[in-house]
Amino acid sequence: MDMTDQTHPQPGPFVAAWQHLWRKERPWLAFAVILLVVSVIDPAQFGPSVAKVVNALVSIAPFLAVSILIAAWAGATGADNLIARAFTGAPAMMILMGALAGGLSPFCSCGVIPLIAALLAIGVPLAPVMAFWLASPLMDPSMFVLTAGVLGLEFAVAKTLIAIGMGVAGGGIVHLVIRAGGLANPLREGIGNGGCGGAKVRAPKPPVWAFWHDPARVTKFRQEGIKTFLFLLKWLSLAFLLESLMLAYLPAQLVTQTLGGTGLAPIAIATLVGVPAYFNGYAALPLIGTLMEQGMQAGAGMAFLIAGGVTSLPAAIAVWALVRFRVFALYIAISLGGAFASGLLFHFWTLL
């Protein structure tokens, strides 16, 4: 028999369904496996972890709803073309505006995720989006007031300036890399239609603002909304589940002991510890305040807050879900370098 005439056997329905599930729904599979392991190893933690996920999703529901509606509306009306083109005129200005909007907007690291997903999905250039992405989790109006109350006005003002500076620097780096020919097709397959500085300019079509008169556009509105909702739901659920386990099993005392000491070493340690730290921006303030009262230098505290804020677990997982590995690696490198540099600058500033 001529073996070259044989065709490869097709997988059975069960195998095909599993392959599809593994390709498209890995976050849900990971979510289910983690919960199963927790229920077997530590049943008492099962309830609190599920409650954490539900409460966190409820808390950001307004951000999710608004962002999903914006993304669906832009797709249905054709306004996404106008939005994308608005970010292709003056890269430097767009990067600056993205950083300013991020540093001054009332978005936390979780609330900004749906907005970022919508911006990238409709083709907004990656550089200004990265500027907004880096700056937004670090500061917002309520965070400023709380930081000033716990750590002092000088610390709050410095953190705001650092947030904007991080956004400008990160967006600038991404823009330069793109101009040098890097970061081509930065988004994962199925996420929008590009987002780099050289995003393709699509054929201009006039927007149809009253899209509800067109059944095809109404269908597109519904499909885009459901698609965006399901995508964000699975990744945010996994992120909040992992965050709940870090809260439960990683002792705060260990973090406290690691950040003690003097010199430049604590700044480096604070940067590295801050990246996987489970504290959100608000929860970290009392910890840093206590450490500074015990002799921890302000630079290390700043480095910890910057590194932890930019690379908080939900934000980092969202980056991983939206962009390819090289963009994610650059995001982490900018976060680490920016946090360490911020800590150093603030340390020397306090010595003046």
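Structural remarks
- Selected residue (criterion: surrounded by the most Cβ atoms within 10 Å (Cβ to Cβ)) from residues of the range 30-65 that are touching a residue at least 60 places away in the same chain (Cβ under 8 Å) and small (Gly, Ala, Ser): SER49
- Restricting attention to the range 123-142 and to residues that are over 20 Å from ALA169 (Cβ atoms) and not hydroxyl-bearing (Ser, Thr, Tyr), the residue that is modelled with the lowest pLDDT turns out to be GLY123.
- Residues (free of Cβ contacts under 8 Å to residues at least 40 places away in the same chain and either touching a helix residue (DSSP H, G or I) at 6+ places or on another chain (Cβ under 6 Å) or under 15 Å from ALA163 (Cα atoms) (or both)) located in the range 294-344: ALA307, GLY308, THR311, TRP320, PHE328, GLY337, ALA341
- Candidate set: the range 213-232, residues that are hydrophobic (A, V, I, L, M, F, W, C) and within 27 Å of PRO27 (Cα to Cα); chosen: the one surrounded by the most Cβ atoms within 10 Å (Cβ to Cβ): LEU232
- Some residue of the range 70-78 being in contact with a Lys or Arg (Cβ under 9 Å, 6 or more places away or on another chain), surrounded by 17 or more Cβ atoms within 10 Å (Cβ to Cβ) and not in a helix (DSSP H, G or I): yes
- PRO106 vs. criteria out of contact with any Gly (no Cβ under 9 Å at 6 or more places or on another chain), of a type outside the set (Lys, Arg), modelled with pLDDT under 80 and not in a helix (DSSP H, G or I): yes
- Taken together, LYS227, LYS159 contain a single residue that is in a helix (DSSP H, G or I), of a type in the set (Lys, Arg), on the phi < 0 side of the Ramachandran plot and modelled with pLDDT of 85 or more, which is LYS159.
- Given (1) out of contact with any helix residue (DSSP H, G or I) (no Cβ under 8 Å at 6 or more places or on another chain); (2) in contact (Cβ under 8 Å) with a residue 60 or more places away in the chain, index of the condition ILE162 fails: (1)
The values are calculated or read from the model by the stated rules, or taken from the named source; none is laboratory data. If you're wondering where the values come from, they're calculated on a predicted model, not measured in any experiment. Neighbour counts are summed over all protein chains in view; Cβ atoms, including those assigned to glycine, are modelled from backbone coordinates with ideal geometry.
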